[in-house]
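Input: a single structure, listed below in C-alpha cells.
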Amino acid sequence: MIHFRPFRNSDPPALVKLWNQSVPEHSCVRPLLVHELDDHAFGSVFFDRAGLIVAERDSRPVGFVHAGFGPDQPVGEHPFALTPEMGVVAMVAAEPGPDAQATAESLIVEAERYLRSRGAQVLYGGGQFPLNPFYWGLYGGSEASGVPSSHTQFSSALSALGYEPISTTVHLHYDLDQEESRDPRAPLLRRQAAVEFIEDPVPSNWWENIALSDFHLTHVRLESRTEGVEIARAHTWDMTWFGRGDGRTRIGVYGVEVAPAHRGKGYGRFLLAEILRHARENNFERAEVQTLADNQLALTLYQSLGFEPVEQSTVFRLPAPFPDRSRPHETHRLD
C-alpha cells in the first residue's frame, strides 16, 4: 500500500537516490548530489512543500513528483509572482521495479490534485520556459525543455494518463575536437561586426537568475562597428555537471537571436562560430543547443556548423475537461 505525503526537510538524500536510479543519464545530471538537488530544486523562494509529493511504501520513499507554476513576467527586471492558471508536472521519479509505472502514474495524479487545488486551469507535463520552475540546470539539457525521450518512465506515465504531446524540442551536440567549420564570409563579417564576451554577467532576467546564477554564465554580443547597434546575441553556461557520465566538459548555448533587420546575412552563423571558438579556447569539449523541431531554419544552421541531433524532448498537455481522477476534494489532504 502506497501512502502519499508532502516534502519533509529530511527527504533530499532519499530523493537523490531515486533520481540517480530512475532519471536517465542523457540530458540530465547524474549522478546528482544531495546539496545540488536541495539547492537548485528545493531551495528557491517559490518552493512549496505541498507541490513535492513523496510516495512511501512501509515508510520508505519509493517515488516523488514535483509540480509548480510559472512566473507572471519571466523577463521582467523585478521579482515576479507566480501565476496559478497554468500548472506543470515538472519531475517524476519512481524506484525501478515492476510497480514503477503504476507508482509514477499515481504520483502524477496526486500532482494534478495539488495543481488544481491551487487554481490551475491548464495542466502540462514537462516544463519549458517560462513554465520550467525547478530543474533548469539539472534536467533536460541546455534549456530544460520538456521530458527527454530517454526518460521513458516520465513520458510513458503521462501518455498513459491521457496527456498529449504539444511541442517537441531537438537537442543537438557539437564535439569541439572536430575540425572547425570554415565560413568564407567570416573575414568580411568580422570587419563589419565586433564580438563581445561578457563573463559572469548579471542575469538578463529574474528566471535566468534563479535557474543558472550558480553556474558560469557568459553573454555574447555581436555589434555593428559602424552603427554601434546590437546585431545578434546569445548566452552560454557551464554545463559540465551534465558530463559526469562521460567525463566531458560541456557548454550550453541558449537565447540565440539575430535582430530582424540583420537576418539572412550570415550573422547568426558567425556568432555561433565565434562561441564555439571561444569554447575551445576555454577547454570545453562539447557544446549543446536546443531548438523546436519545427524551426527548420535553426536546425539547418546548427547542422551546417556540425551540430548533430542526439535527443528530443516533449512537452505534454492534459486535454480539457479534466478527468474526475484528480478532482480536489475537501477530505484529500497532503499533510
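General observations
- Per-peptide average of other Cβ atoms within 10 Å, ordering 229-240, 155-166 highest first: 229-240, 155-166
- Angle between the chain longest axis and helix 100-117 axis [Cα atoms, degrees, rounded to 10]: 90 degrees
- Net charge over other residues, Cβ less than 11 angstrom from the Cβ of GLY162 (K, R count +1; D, E count -1): -1
- Ellipticity estimate at 222 nm from DSSP helix runs (n ≥ 4, -39,500 (n - 2.57)) divided over the chain, nearest 500: -7500 deg cm²/dmol
- With Cα atoms, 0 to 90° folded angle of helix 296-305 axis to the chain main axis: 60 degrees
- Inter-centroid distance (Cα atoms) of region 80-110 relative to region 247-297, Å: 33 Å
- Once the 1.4 Å probe is applied to the protein heavy atoms, region 130-232 comes out at 44 Å² accessible per residue.
- Of all DSSP beta bridges confined to region 65-144, the antiparallel ones make up roughly 65%.
- Global form of region 77-175, assessed from the alpha-carbon gyration tensor, a/c cut-off 1.5: oblate
- Peptide packing for 253-261, 2-10 was compared via the average number of neighbouring C-beta atoms within 10 Å per residue; ordered from the highest value, the list is 253-261, 2-10.
- Accessible-area rank, largest first, for ASP246, ASP200, ASP294: ASP294, ASP200, ASP246, with all protein chains present and a 1.4 angstrom probe.
- Signed unit charges on C-beta, dipole axis of the chain, positive-most listed residue TRP241, LEU212, GLY162: GLY162
- Working note: Debye formula, equal point scatterers on the alpha-carbon atoms of region 1-91, no solvent; log10 I(q)/I(0) at q = 0.10 Å⁻¹ is -0.30.
- When Rg and the Kirkwood Rh are both derived from Cα coordinates, the Rg/Rh ratio for region 133-185 amounts to 1.16.
- When peptides 137-148, 301-312 are ranked by their average number of other Cβ atoms within 10 Å per residue, the highest-first order is 137-148, 301-312.
- Inter-part distance, region 157-171 to region 203-245, computed on C-alpha centroids, equals 29 Å.
- GNM flexibility winner over the chain from HIS173, HIS40, HIS278 (Cα, springs under 10 Å): HIS278
- Annotation: per residue accessible area for region 241-335 equals 52 Å², rounded to a whole number [probe 1.4 Å, protein chains only].
- Taking the Cα centre of region 176-335 as origin and assigning +1 to Lys and Arg Cβ atoms and -1 to Asp and Glu Cβ atoms, the resulting dipole is close to 480 debye.
- Once the Kirkwood radius over Cα pairs is known for the chain, the Stokes-Einstein relation at 20 °C and 1.002 mPa s delivers a diffusion coefficient of 103 µm²/s.
- In this Cβ point-charge picture (+1 for Lys and Arg, -1 for Asp and Glu), the chain has a dipole of about 380 debye about its Cα centre.
- Rounded to 10°, Cα long-axis angle of helix 12-22 versus longest principal axis of the chain: 70 degrees
- For region 110-198, the fraction of 1.4 Å probe accessible surface lying on carbon and sulfur atoms is 48 percent.
The values are calculated or read from the model by the stated rules, or taken from the named source; none is laboratory data. Treat the numbers as computed from the prediction; the structure is a model and nothing was measured. Here Cβ is always computed from backbone atoms with ideal geometry, including for glycine, and neighbour counts include all displayed protein chains. Areas reflect the complete protein model, heavy atoms only, side chains present, ligands, DNA and RNA absent. Shrake-Rupley method; radii C 1.70, N 1.55, O 1.52, S 1.80 Å.
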